[in-house]
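The values are calculated or read from the model by the stated rules, or taken from the named source; none is laboratory data. Keep in mind that this is a model prediction, so the values were computed, not measured. Cβ placement follows ideal geometry from the backbone for every residue including glycine, while neighbour counts extend to all protein chains displayed.
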Amino acid sequence: MEIRLHPPRRKSTCRPKICDDGEPTVECMRIIVDLNRCQNYGQCVYAAPGVFRFVGTESIEYDHAPDSDDDVAVRRAAVACPMSAITLGEEVRP
């Protein structure tokens, strides 16, 4: 089994956000796939084809920093994973 990252797209993957203290920041979604859990069932590919894709017969490739337009699909992919191998995180930058 092999999972590869493909280069992020050039479109912005971040959203502006106001912190609790009123300071503006930028929030970016990050995807982490647990390679010990992933069994290549491919439910993520069907849920978010713009982010996850099959490469050959035994590997999945994904964009670790997807466009903000794909947020809903990526969240669906994480929920659809039968092995719970997809973790979503938010990177906050000042």
- Message: Among the residues in the range 65-76, are any on the phi < 0 side of the Ramachandran plot, surrounded by 15 or more Cβ atoms within 10 Å (Cβ to Cβ), assigned to a helix (DSSP H, G or I) and among the aliphatic types (A, V, I, L, M)?
- Response: yes
- Query: Quick one: is GLY50 over 14 Å from ALA85 (Cα atoms) and modelled with pLDDT of 90 or more?
  - Reply: yes
- Note on the structure: Residue hits (the range 25-47; at pLDDT 90 or above and among the charged types (D, E, K, R)) are ASP34, ARG37
- Residue list for the range 66-90, filter: over 10 Å from the mean Cα position of the chain (by Cα), of a type outside the set (Gly, Ala, Ser) and more than 15 Å from CYS28 (Cβ to Cβ): VAL72, ARG76, VAL79, CYS81, PRO82, MET83
- Item | Members of the range 44-65 that are within 13 Å of ALA78 (Cα to Cα) and over 13 Å from the mean Cα position of the chain (by Cα) | TYR46
- Please determine, by comparing only the residues of the range 53-73 that are hydroxyl-bearing (Ser, Thr, Tyr) and within 20 Å of SER84 (Cβ to Cβ), which one is modelled with the lowest pLDDT. SER59
